[in-house]
Amino acid sequence: MAHPYWPVSDIRLRLDEIELRPVTEADLVPLARIRPADVETDPRLPTFRPASGEPDPHIQAGISLHQSYWSSLGSWRPQAWRLGFAVEVGGALAGVQEIEAAEFAVRRTVESASWLAPQWRGRGVGKAMRLAVLALAFDALAAQAAETEAWHDNAASLAVSRALGYVDNGVTRHPRGDHAEDMPRLRMTRPVWLARHADHKVRISGVDPCRHFFGIA
């Protein structure tokens, strides 16, 4: 049944046995349980310290996952939005793929981020889920560019980006622990998407009723 107030929740992206659907509140605890330790927590989110001792990193990561989800929904505007997809493989929860944009109606540019539970890595799932949100961006939302970034030692993410057709696009300096490092940025343009992925086979549904949520007619 279509959602009467938040049609974004009805979007589905499917490629073979992989399905992407918007994260729901019911997904948060299961996602926190499979979230790998090497996923870095957004440094902008607060740390909650117990009365005694240091916070449990796993618990803190789960809190941050919840806050990030609530923040993305509560701050959603046509001018600035972030959509997190729960990734399922054969019905099993495998990770999260996000896509976001600022001033999309004018810039027509999206950014992406993702993580996978360790047991699903190295099996082509990461590439498929990125391909799915790129199909949403370029084919359903008429994006002109897609950008992403990853730490220089995140070889898997950088390899997926380059395999899909992204090219290097400078660096951005970010905090990392108690210091700062340059994070490589990559970019794919619409002509590259059309030349390389015209036959991507991603099935997209549920977008038409919520185009205005993304700031487009």
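Inspection of region 56-65 finds no residue satisfying the criterion of being under 16 Å from the mean Cα position of the chain (by Cα), under 20 Å from V133 (Cβ atoms) and in contact (Cβ under 8 Å) with a residue 40 or more places away in the chain. When we screen S72, S9, S52 for residues that are of a type in the set (S, T, Y) and either under 20 Å from K127 (Cβ atoms) or exposed (fewer than 14 other Cβ atoms within 10 Å of the Cβ) (or both), the only hit is S52. Of the residues contained in region 43-54, one or more are found to be of a type in the set (D, E, K, R), in contact with a Pro (Cβ under 8 Å, 6 or more places away or on another chain) and either in a strand (DSSP E or B) or without any contact (Cβ under 8 Å) to a residue 24 or more places away in the chain (or both).
Residue by residue, here is whether (1) among the charged types (D, E, K, R); (2) farther than 24 Å from K127 by Cα; (3) touching a residue at least 60 places away in the same chain (Cβ under 8 Å) holds:
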residue	(1), (2), (3)
W76	no, yes, yes
F85	no, no, yes
V89	no, no, yes
A92	no, no, no
Q97	no, no, yes
E100	yes, no, no
A105	no, yes, yes
S114	no, no, no
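Of all the criteria given as (1) in a loop (DSSP other than H, G, I, E, B); (2) among the aliphatic types (A, V, I, L, M); (3) surrounded by 16 or more Cβ atoms within 10 Å (Cβ to Cβ), the one not satisfied by L158 is (1).
Of the residues A146, A117, only one is closer than 19 Å to S161 by Cα, buried (at least 23 other Cβ atoms within 10 Å of the Cβ) and at pLDDT 95 or above; which?
Values: A117 fails: buried (at least 23 other Cβ atoms within 10 Å of the Cβ).
Only one candidate qualifies: A146.
For every residue, the table says whether it meets (1) among the hydrophobic types (A, V, I, L, M, F, W, C); (2) exposed (fewer than 14 other Cβ atoms within 10 Å of the Cβ); (3) touching a Gly at 6+ places or on another chain (Cβ under 9 Å); (4) closer than 19 Å to E111 by Cβ.
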residue: F138; (1), (2), (3), (4): yes, no, no, yes
residue: H152; (1), (2), (3), (4): no, yes, no, yes
residue: Y166; (1), (2), (3), (4): no, no, no, yes
residue: T172; (1), (2), (3), (4): no, yes, no, yes
residue: H197; (1), (2), (3), (4): no, no, yes, yes
residue: P209; (1), (2), (3), (4): no, yes, no, no
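The conditions are (1) more than 18 Å from Q97 (Cβ to Cβ); (2) in contact with a helix residue (DSSP H, G or I) (Cβ under 8 Å, 6 or more places away or on another chain); (3) not acidic (D, E), and A32 fails exactly one of them. Which is it? With (1) more than 18 Å from Q97 (Cβ to Cβ); (2) in contact with a helix residue (DSSP H, G or I) (Cβ under 8 Å, 6 or more places away or on another chain); (3) not acidic (D, E) applied to A32, the lone miss is (1).
For the subset of region 121-135 comprising residues that are buried (at least 21 other Cβ atoms within 10 Å of the Cβ) and without any contact (Cβ under 8 Å) to a residue 40 or more places away in the chain, which member is nearest to A80 (Cα to Cα)? Only one residue tops the list, namely R130.
Out of L65, L83, I need the residue that is aliphatic (A, V, I, L, M) and within 25 Å of T47 (Cβ to Cβ). Which one?
Numbers: L83 fails: within 25 Å of T47 (Cβ to Cβ).
Within the list L65, L83, the selection yields L65.
Every listed requirement among (1) part of a helix (DSSP H, G or I); (2) at pLDDT below 95 is met by H174 save one, (1).
The values are calculated or read from the model by the stated rules, or taken from the named source; none is laboratory data. Note that the structure is a prediction, hence the values are computed from the model and not measured. Here the Cβ is made from the backbone with ideal geometry for all residues, glycine too, and neighbour counts use every protein chain on show.
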